[in-house]
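The values are calculated or read from the model by the stated rules, or taken from the named source; none is laboratory data. All figures in this text were calculated on a predicted structure; none of them were measured in a lab. Cβ: placed from backbone, ideal geometry, glycine included. Neighbour counts: every protein chain shown. These accessible areas exclude ligands, DNA and RNA; they are computed on the full protein's heavy atoms, side chains included. Shrake-Rupley method; radii C 1.70, N 1.55, O 1.52, S 1.80 Å.
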Amino acid sequence: MAQLFEVYPDNPQPRILKQAQQLLADGGILAVPTDSSYALVCRLDDKATVDRMRRVRQIDDKRLLTLLCRDLSELASYAHVDNRQFRLLKLGTPGPYTFILEATKEVPRRVSHPQRKTIGLRVPDRKGLQLLLELHGAPLLATTLILPGESEPLNDPEDIQEHLGKLIDGIVDAGGCPLEQTTVLDLTPMNSGGEPLVVREGRGSLAKLGL
């Protein structure tokens, strides 16, 4: 069964999260709370684990996965960002927004969009996840924790253990999440002078970004 790591939401214990990070380093998949909903995460550079995470979610390689970054400086290593895009990113990070941008060569082809060479990136506003990213020292690859055939993400660590305990390696329990998916914005039209495209309106306010 998946190992359970219980941490305080507002003051997460580094010692416990270091144990969770070690599972990631060893090729594990974790369920973690974000500022929108629970998500599955794994290392970016481990193809076998990325493939296993897709099998758990029952999604194919055409489904765009998301990179969770600590801050904008890290995000810029994985996406091409111009000044207009950067202003939007600054307004929306950290927060419940996923931004689709043109991927740099740092992003493995298997995790970017196969035709468009884009990647979804976000900087989450959740203390435990931020600390986990800091301890890991690199972005994590993520997908919303929605069971196959369902439309709502799981939000309770006990439910996650019951449904996925034999398929994943660990669960970070820091309480419930808002249970609302991120707002997804495609910023690639801005590369040619266009405007951002709202792919999905979720928890992140469009008004906050001036949209």
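General remarks:
- Applied to region 59-72, the Karplus parametrisation 6.51 cos²θ - 1.76 cosθ + 1.60 on θ = phi - 60° returns per-residue 3J(HN,Hα) values of 10, 8, 6, 8, 7, 6, 8, 10, 8, 8, 10, 6, 7, 5 Hz, with x for Gly and Pro.
- A dipole drawn for the chain from +1 and -1 charges on Cβ atoms has a positive end, and of Gly202, Leu187, Asn11 the residue lying farthest that way is Leu187.
- Counted charge near Val7, where neighbours are those whose Cβ lies closer than 13 Å (Asp, Glu -1; Lys, Arg +1): +1
- Leu30 contributes about 0 Å² of solvent-accessible surface, heavy atoms of the protein only, 1.4 Å probe.
- Theoretical gain in end-to-end length, Ala25 to Lys62 [0.36 nm per residue, Cα-Cα removed]: 10.8 nm
- Ranked order, Tyr8, Tyr97 - accessible area, probe 1.4 Å, largest first: Tyr8, Tyr97
- Tail beyond 22 Å, pair distance distribution of region 49-123 (Cα, percent): 24
- Candidate lysines for bridging to Lys105, where Cα separation is under 28 Å - those fewer than 8 sequence places away on the same chain excluded: Lys47, Lys62, Lys90, Lys117
- With the convex hull drawn over the C-alpha atoms of region 151-196, the volume per residue is 135 Å³.
- The alpha-carbon positions of region 80-167 define a convex hull whose volume is 153 Å³ per residue.
- Accessible area (Å², per residue) of the chain, counting only protein heavy atoms and a probe of 1.4 Å: 47
- Around the Cα centre of the chain, unit charges on the Cβ atoms of Lys, Arg, Asp and Glu (plus for the first two, minus for the last two) sum to a dipole of about 720 debye.
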